[in-house]
Structures are given as structure tokens and as C-alpha cells.
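The values are calculated or read from the model by the stated rules, or taken from the named source; none is laboratory data. Keep in mind it's a predicted model, so treat the numbers as computed, not measured. Every residue, glycine among them, receives a Cβ derived from its backbone with ideal geometry; neighbour counts consider all protein chains shown. The protein model used for the area step is the full one, side chains on, heavy atoms only, and it has no ligands, DNA or RNA in it. Shrake-Rupley method; radii C 1.70, N 1.55, O 1.52, S 1.80 Å.
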Amino acid sequence: MLQDLEPKSVFSLFRDICAIPRESGHEELICAYLQNFAKERGLKYATDPAGNVVIFKPATKGMELRPAVVLQSHMDMVCEKNEDVVHDFSKDPIDLYIEKGWLTARGTTLGADCGIGMAAQLALLDSNDVVHGPIECLFTASEETGLDGARALKPGFITGNILINLDSEDEGEIFIGCAGGIDTTARFAYTNVPVPDGVLSYKVSVSGGTGGHSGDEIHKGLANANQLLARFLWQAQQKFEFGISLIRGGNKRNAIAREAWAICTLSPKDQDEWTRLFQQFALEIRAEYRHTDPELKAELLPAQRPDSLIDADTCRRLVAALYGCPHGVMAMSKEITGLVETSTNLASVKMDKEGEIRIGTSQRSSVNSARYNAADRIESLFSLAGAVVTHESEYPGWAPNTNSPILKKAVDLYTHRFGTAPAVKAIHAGLECGIFLDAFPTLDMVSFGPTLRGVHAPGERLEIASVQKFWDFLLDILAHI
């Protein structure tokens, strides 16, 4: 039962958080919840124009002279759901359930990224029996869509020089560095043209992919539905004359696309060969991704006759560019074994009726020059296809500091409590830590958290047992700094 999960204080607050809408850019309710939480406990707090909230808790008796520690998480979540799930993230609570030692959600993202970090902070603020020095709990806004809250932080909003980021996803690992990133958007202008008489209409779809975080899980070879849909459409273009009315796939820049579809029209004379080609394609991708995406499927279904089609020239250039667009790991680190250095994610295909198709991609790298090179390569490809390309939402990486005092203390405490040394790593995902250094250059930082899997996608899950270890470790650090 959910109410019996340990540590009770953390899970109880996490359930509260899961009932509050907090999509990126719409954090008003969770912000108000945090403010009221502080007021009800008589704790000093502050809110800045970007919507960031910091809550201060004085030291316990005898710990007043200890250095202040900033505990940080972000208040927003990635709101993704399966296509067949009815869920309104602006008002519906997350539907939680337990399965084989993991806490997850029915058909949607769970929001443990970074809701479980928030819950740990609130549990500390609410506690009467935890030993600690001065605590500053920082909750940042709109991390998932551009790290907007972190970018807006001004000197003086927090005062501590030690920061513990609670946004990592592997218990037993301490992170001391992360990749920087940049988003690249390609825009195709198209013209609506009439649908020829007598054509057949089909919906071509790829769905059931595992999806996941485009940083943490980019190296796993997971299926990208946008890329696979483009693969079939390109193959079909070599054999048939057909039209595309609508094409859509993926959603968030930081998620691997799980679903993509297109409405296509073709001549009845090509129906049989089109079907055979599609069936062969479906068999091939199921076989190729049977280990990483066992639920992956491709479907060909009759569709209503569309009102118009994308003009043939744009259609040809769009499909070729999508098929040719790279996705996945571009380079591995030469300095840290097993770390992805540079990657790109073919995140989304979105289309409006006003004549524009937008391709969203995201590039990450721990090497600045490699990040820019990856973004330039994507720009080069789409520019050749006639798209207008822009870059936005750039954020810096966090350079590892192996001589960090808080790192040494954390490693020693973890080893003493659990009898084994934690792994010290850098992460390919983007954390806010690199941005914090712009406003607070003296910060000494580490990042850790409980074990999460499948974040940024339905099926996101939190390992229940890891939360107790995460909590105990956090309490040890606060007691010994």
C-alpha cells in the first residue's frame, strides 16, 4: 500500500506533490503550495520573478555554526502520456501504483523527476528530529523546457556555498559533472494542395517504443519513432507516388520519441504493394528492436479522406531530411569510460494548418566545441533540405571537480554507512549545476538521488527501496557537514 512505503514522510509528501499540476511553464499551483508549506511552519521563504522558491530552515541546536547547505530540485515535470490514455495534466492527479518494488503511474509520466527530490526537501523542512546546520531548500522553475528558473537566479537569492542537487537517477552514484546542451529547430514551409480523386487514405503509425530521457538513455539504442516512420516513408517514396496530409511524432525536446504517425493517400493500384512493403517494414523493426523495445509496433489503418495534402516538393524534402537526420550517440568520452560525450535527439515533428512543419532536435555534449559542431551538422542537413533553422535554449555543462570537499565528505559517508564506495561520475543529461555557477561561482556541488528509470516517458518508475538509502545518505551528509 502507498501509505506504508518508507520513509513515510518522503512518500507522503511525494503523493501530495503528484496531486498538484506542475507542467513546465505552468507551475503556479506548486509554487503556491511551497509558499503555503513555509507559511504554515513559520519558515522564512522568498520567491523571485521567475517563480523560483527558496525556503530557509535554521540549524538544530548546537549546529548553528555549521556552513549553510543548499538542497536543490526543480518543481516542474515532463508531462507525457500514451496516446490512448485520457489524462489532463492541468488538473488530473498522477495515478500511482506499485509494481514489483517500483512506484509508477498508469499511462503517464510519474514526475519523480524531480518530485522525489522535492519531497525529500519538504520532509526535512517538516522534520523535528533531523540533525542539521542551516538549510536552504531551493526549488527552481521550468527546468525541463530550458532551465529557465536556474538561468534567472540572481546573486543573494541563496547564501550557502555548498549545494546538493537532488535530480540524479541512480542510487549509489554521485555526480560531479554534466553535459551542456542546445536545441535546434528546423522549419519547413509548405503549401496545401488538393487531394486527387479516387485515392485511398491510410494512417501509418509507429508506437509502443520504450522512450525515455534523451540524455540518460540515449546510449541504449532505443527506438525513435520519428526516425522509423521516416524510414518507411522514404522507402515508399522510392516506389510510389503518394501524398502526406498530416505528420506528427514525439513531443518534448528531452524525450526520445515513442510515437509517430502520418496520414497518407495513394492510388488504389498501389494498395497491395504498399501493404506488402509496410508489412515487411513492421517485421524488420520488431526484429531489430526486440531487445530494447519489445512493445514496438507499426500499424497501417484506413483513414478518412483528408482535406488537403502537403505539396509534393516539400513532402519529398521533409521525408529525406527526417530519414537522414542522425539520432543517438555521436561520440563517447575519451576521459571518462562509458560516458557519452556528444549526442543528438530527433525529438519531435509538429505540424500546423498555417503552412509550417517544425522539427525539434536537441544536442548535448560535455565538450563545448563538440556541442556546437553537432548543432551545426543538424543545421547543415536541414538547410540543404530547404528548411529555416534556428538554435535556442543553450545551457552550459558542469565541469567535474574531483578535488571537491563536499564530494570527499559524501564518498566517505556513503562508504561508511553502506560498506561500499559510491561510483563518482559525470552524467550526459543536463543538470542546473552548470548554470548555478554563473551567479554563484564559489558553489561546491554534488548531485545524487534514488533510482529512476524511463523518465520523461510513460512507464517512468521509482525504485522504492532506493528512496530509503537516498534519504539515509542525505541525513548523514547534513549531520556531518
- Run down Arg253, Arg258 and say which single residue is under 19 Å from the mean Cα position of the chain (by Cα), among the basic types (Lys, Arg), under 21 Å from Gly181 (Cα atoms) and assigned to a loop (DSSP other than H, G, I, E, B). Arg253
- Where in region 366-451 are there helices (runs of 4 or more DSSP H), lying wholly inside it, with at least 1 residues that are among the hydrophobic types (A, V, I, L, M, F, W, C) and open to solvent by 60 Å² or more (accessible area, probe 1.4 Å)? 368-384
- Of those in region 1-32 that are assigned to a loop (DSSP other than H, G, I, E, B) and either among the hydrophobic types (A, V, I, L, M, F, W, C) or touching a strand residue (DSSP E or B) at 6+ places or on another chain (Cβ under 7 Å) (or both), the residue most open to solvent (accessible area, probe 1.4 Å) is Met1
- Message: Please count how many residues of region 434-481 are out of contact with any strand residue (DSSP E or B) (no Cβ under 9 Å at 6 or more places or on another chain) and of a type in the set (A, V, I, L, M, F, W, C).
- Response: 7
- Query: Filtering region 297-320 down to residues that are assigned to a helix (DSSP H, G or I) and among the basic types (Lys, Arg), which residue is surrounded by the most Cβ atoms within 10 Å (Cβ to Cβ)?
  - Reply: Arg317
- Could you check how many residues of region 321-338 are closer than 28 Å to Glu80 by Cα, of a type in the set (A, V, I, L, M) and open to solvent by 20 Å² or more (accessible area, probe 1.4 Å)? 2
- Item | Condition met for Leu110 (on the phi < 0 side of the Ramachandran plot, outside any strand (DSSP E or B), touching a helix residue (DSSP H, G or I) at 6+ places or on another chain (Cβ under 7 Å) and surrounded by 24 or more Cβ atoms within 10 Å (Cβ to Cβ)) | no
- Message: Which condition from (1) assigned to a strand (DSSP E or B); (2) buried (at least 23 other Cβ atoms within 10 Å of the Cβ) is the one that Asp167 breaks?
- Response: (1)
- Residues that are at pLDDT 90 or above and closer than 13 Å to Asp170 by Cβ, drawn from region 428-445: His428
- Number of the exception - Asp293 against (1) among the acidic types (Asp, Glu); (2) open to solvent by 20 Å² or more (accessible area, probe 1.4 Å); (3) under 24 Å from the mean Cα position of the chain (by Cα): (2)
- Considering each residue of region 202-229, count those that are over 15 Å from Thr361 (Cα atoms), assigned to a helix (DSSP H, G or I) and open to solvent by less than 50 Å² (accessible area, probe 1.4 Å), and give that number. 2
- Given the conditions (1) outside any loop (DSSP other than H, G, I, E, B); (2) touching a Lys or Arg at 6+ places or on another chain (Cβ under 7 Å), report the number of the one that Thr292 does not fulfil. (1)
- Tell me, please, whether a residue that is without any contact (Cβ under 8 Å) to a residue 40 or more places away in the chain, farther than 24 Å from Val329 by Cβ and out of contact with any Cys (no Cβ under 9 Å at 6 or more places or on another chain) can be found in region 442-450. no
- Looking only at region 73-100, which residues are among the polar types (S, T, N, Q) and either on the phi > 0 side of the Ramachandran plot or surrounded by 24 or more Cβ atoms within 10 Å (Cβ to Cβ) (or both)? Ser73
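To keep it simple, each residue is scored yes or no on (1) part of a helix (DSSP H, G or I); (2) among the small types (Gly, Ala, Ser); (3) over 22 Å from the mean Cα position of the chain (by Cα); (4) over 26 Å from Arg258 (Cβ atoms).
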| residue | (1), (2), (3), (4) |
| --- | --- |
| Phe278 | yes, no, yes, no |
| Ala282 | yes, yes, yes, no |
| Ser348 | no, yes, no, no |
| Glu354 | no, no, yes, yes |
- Query: Residues of region 349-384 being under 16 Å from Thr191 (Cα atoms) and of a type outside the set (Lys, Arg), which ones?
  - Reply: Met351, Asp352, Glu354, Gly355, Glu356, Ile357
